[in-house]
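Report on one structure; see the data block that follows.
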Amino acid sequence: MAYTQEHSEWDSLLAEESASMYDLEHRLLDFSVRAIRLTRKIESSQAGTHIAKQLLRSATAPLANHGEAQAAESPRDFIHKLRISLKELRETERWIKLTKAVPLVDKPERLNELLDETDQLIRIFVTSIKTAESRASSR
């Protein structure tokens, strides 16, 4: 028996975004790796441990939620998963800023590149959400 996949009305949206989503997946993977490495360098004080755990959770969540968005069951579900990723990225940005401000790492100026990537990812997700909402409402 041959397997055939049913196509939903929003498959075209996902197909159009697939190339950029693939690139985004790699950026999110790299971002998660960099965040994990950062958490290993945060001082092991009570505050450092708390922030490292929060940062680890929020910084790795967008990668997983992006994967869930790719398997979304509807346009609404797709947009919801993107919004969760955006929320986690915004939270991550605050944890990195706090880590830098305290500072909880040696050479906190090295966090500027990670903050820049966080900002770029936030902008990508904001734009993707707006595009997906626009396309979903025009159907």
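The values are calculated or read from the model by the stated rules, or taken from the named source; none is laboratory data. Remember, it's a predicted structure, so these values are computed and weren't measured experimentally. No Cβ is skipped: glycine too gets one built from the backbone with ideal geometry, and neighbour counts run over all protein chains shown.
Hey, does the range 50-67 have a residue that's in contact with a Pro (Cβ under 9 Å, 6 or more places away or on another chain) and assigned to a helix (DSSP H, G or I)? Within the range 50-67 (the criterion being in contact with a Pro (Cβ under 9 Å, 6 or more places away or on another chain) and assigned to a helix (DSSP H, G or I)), the answer is no, since none of the residues qualifies.
Answer with yes or no whether Thr92 is touching a residue at least 40 places away in the same chain (Cβ under 8 Å), under 21 Å from Ser44 (Cβ atoms) and of a type in the set (Val, Ile, Thr).
Here the answer is yes, as Thr92 does meet what is asked.
So, Leu98, is that one part of a helix (DSSP H, G or I) and surrounded by 15 or more Cβ atoms within 10 Å (Cβ to Cβ) or not? When the stated conditions are applied, Leu98 passes them. Inside the range 96-131, residues that are small (Gly, Ala, Ser) and under 16 Å from the mean Cα position of the chain (by Cα) make up a count of 1.
Among the residues of the range 95-113, those that are closer than 17 Å to His50 by Cβ and touching a residue at least 40 places away in the same chain (Cβ under 8 Å) comprise Trp95, Ile96, Leu98, Thr99, Val102, Leu104, Val105. For the range 72-82, the set of residues classified as in contact with a helix residue (DSSP H, G or I) (Cβ under 6 Å, 6 or more places away or on another chain), assigned to a helix (DSSP H, G or I) and closer than 20 Å to Thr60 by Cβ consists of Lys81, Leu82, listed by residue number.
Identify, please: which residue in the range 30-51 is in contact with a helix residue (DSSP H, G or I) (Cβ under 6 Å, 6 or more places away or on another chain) and without any contact (Cβ under 8 Å) to a residue 40 or more places away in the chain and is, among those, surrounded by the most Cβ atoms within 10 Å (Cβ to Cβ)? Per the criteria, the residue is Thr39. The single condition from (1) under 23 Å from Gly67 (Cα atoms); (2) surrounded by fewer than 17 Cβ atoms within 10 Å (Cβ to Cβ); (3) at pLDDT 95 or above that Phe125 fails is (2).
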